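Notes follow once the structure below has been shown.
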Amino acid sequence: MSKKSLPDVAKEIHSERFAPIDWVGMGSIELPVLLKQADGVYRIPARVDAKVSLDKKPSRGIHMSRLYLITQEVLSKNEMSLGLLGDATAEFLKTHEDLSSEAMVQVQFEAPLIRKALKSANQAWRSYPVVLSSFNHEGAKKYFVEVVVTYSSTCPASAALSRQLIQDGFKQQFQNQSLDFDVIHSWLGTPQGIIATPHAQRSFARVKVEVGPAYQYGDLIDIVEEALQTAVQGAVKREDEQEFALRNGQNLMFCEDAARRVKEALDNQAEILDFVAEFSHVESLHPHNAVSHISKGKNLRSF
């Protein structure tokens, strides 16, 4: 029995010319991807955007099913990497050579990473939002990694105001007494010794970089956390919490400071070709956030 011919309205050509479209395809395709970690390979749920341009002839639409099937075949059965995304875009263009000159694919997932405690021998899993993407213009490919790192930011202005109150409290307590080291040492360990603390808040660094196809997203997370020094912690015992308090005290940060720290770190990485970053300090003093935005100053100026 011969195969029944089915209509394909995507091939419809009318007397009037269809306008070209920058990008057309599918967003948020449900797909499990394979992530290689230090202790093995994990299958993680992800969301995929798969798109091509529609520009080469007056066609009504693209072949959605081709993009979908390539996504399922290529991205779900191989270890996830930027190079793999580049391969997928090449297949997109191959199956749309009469329609498209550009292709893109973007994969969003939560990356599980083991992080060591600051002082103790413990470790814990942390999940980091990651977006990997590749753009292909007639065979010329670009690759991008985007991550979100959560950290603590302690306000420098609030710290200065707190120190002044502590100084005033010390003066009131000891200005008419002869100074005794043991007495002062003991007093500093009381609630009266530290009568004010600076406000701190959970903060978020969103960083996107242009890199080569072999770049690993975990490297970017490490760079950002090292630059900021106050990444939030999973496993915490008392010695870890004390170390975290010390790091916050030694790394006071406005959102402007966080931006400059990360920019300096990224500028020193030869494999990072371009970048853009945004920092949000979810204020504990205000009902609004303090935000900053910085880039390398090249082509990647926004997300």
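The values are calculated or read from the model by the stated rules, or taken from the named source; none is laboratory data. Quick caveat: nothing in here was measured; it's all calculated off a predicted structure. Glycine gets a Cβ as well: all are built from the backbone with ideal geometry, and neighbour counts include every protein chain shown. Note: accessible area is taken over every heavy atom of the protein model, side chains too, but ligands, DNA and RNA are not part of it. Shrake-Rupley method; radii C 1.70, N 1.55, O 1.52, S 1.80 Å.
Compute the acute angle (0 to 90°) between the alpha-carbon long axis of helix 217-228 and the principal axis of greatest extent of the alpha-carbon atoms of the chain; round to the nearest 10°.
The answer is roughly 30 degrees.
Give the accessible surface of the chain per residue, rounded to a whole number of Å², with probe radius 1.4 Å and ligands, DNA and RNA excluded.
The answer is 57 Å² per residue.
So, counting K/R as plus one and D/E as minus one, what does the shell of residues with Cβ under 13 Å around T150 add up to?
So the environment of T150 carries a net charge of +2.
Go through F204, Y217, Q177 and say which Cα lies farthest out towards the positive end of the charge dipole of region 153-303; charges sit on Cβ, +1 for Lys and Arg, -1 for Asp and Glu.
Comparing the listed Cα positions along the dipole, F204 ranks first.
Take the solvent-accessible surface of the protein heavy atoms, probe 1.4 Å, and return the percent of it on the chain that carbon and sulfur atoms account for.
51
Can you pull out the GluC sites (Glu not before Pro) in region 115-218 that DSSP calls coil and that have at most 12 other Cβ atoms within 10 Å?
E138
Going down the table (K119/K237; K51/K141; K36/K94; K208/K298), which pairs top 18 Å between alpha carbons?
The pairs that break the limit, which is 18 Å between Cα atoms, are K36/K94.
Please give the solvent-accessible surface of E97 in Å², to the nearest 10, using a probe radius of 1.4 Å with every protein chain present.
It works out to around 130 Å².
State to the nearest 20 debye the size of the charge dipole of the chain about its Cα centre, where the only charges are +1 on K and R beta carbons and -1 on D and E beta carbons.
In debye, rounded to 20, the chain gives about 580.
Please name whichever of G193, S134, Q164 sits farthest to the positive end of the charge dipole of region 117-219, dipole taken about the Cα centre and charges placed at Cβ: Lys and Arg +1, Asp and Glu -1.
The residue sitting farthest along the positive end of the dipole is S134.
What angle do you read, to the nearest 10 degrees and between 0 and 90, between the alpha-carbon axis of helix 82-94 and the longest principal axis of the chain?
The two axes meet at around 20 degrees.
If you average the alpha carbon positions of region 233-267 and of region 47-108, how far apart do those two centres end up, in angstrom?
40
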